[in-house]
Amino acid sequence: MIAPVHDMLALVNPVALPALRIAATFFFVIYLLFGVYLFRNRRRFFGRDPSVDNDIPAVRHMRVEVVMIPYLAVTTLILVLLIRFWLD
């Protein structure tokens, strides 16, 4: 049987919780900065590539979706878990 997150946090030493919260927030900020980097360089990563045959706008749009949908889903999940971590 899998224990809920709240039960797992109860097993962590209470003295270590502030350091874990700060570390988790720090790595989440780094993760968000990576998203900003992707956004600022989106033309370089997802723009037109003359060396690729049939590089039409629909294909470029699909490349953006393949990266952004999982990124947004993981960001939402991490943010919810981080909020629960700070509130418990």
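The values are calculated or read from the model by the stated rules, or taken from the named source; none is laboratory data. Here the structure is a predicted model, which means the values were calculated and not measured. Methodologically, a virtual Cβ is constructed for each residue, glycine included, from the backbone with ideal geometry; neighbour enumeration extends over all protein chains shown. We work out accessible area using only protein heavy atoms, side chains counted, and drop any ligands, DNA or RNA first. Shrake-Rupley method; radii C 1.70, N 1.55, O 1.52, S 1.80 Å.
Structure values in brief
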read-out	value
Per residue accessible area in Å² of region 25-68, where ligands, DNA and RNA are left out and the probe is 1.4 Å	84
Spin-label model distance (nm) - ARG44 vs ALA73, 7 Å beyond Cα toward Cβ	2.8
Angle between the chain longest axis and helix 17-40 axis [Cα atoms, degrees, rounded to 10]	10
Label-to-label distance, nm, for residues given as HIS61 and LEU32 (7 Å Cα→Cβ offset)	3.0
0 to 90° range, to nearest 10: angle between helix 57-87 axis and the chain longest Cα axis	10
Rounded to the nearest 20 debye, dipole of the chain from Cβ charges on Lys, Arg, Asp, Glu	380
Of all accessible heavy-atom area on the chain, the percent that carbon and sulfur account for (1.4 Å)	74
Calculated log₁₀ intensity ratio I(q)/I(0) where the Debye formula runs over C-alpha points of region 16-55, q = 0.16, 0.25, 0.35 Å⁻¹	-0.57, -0.80, -1.02
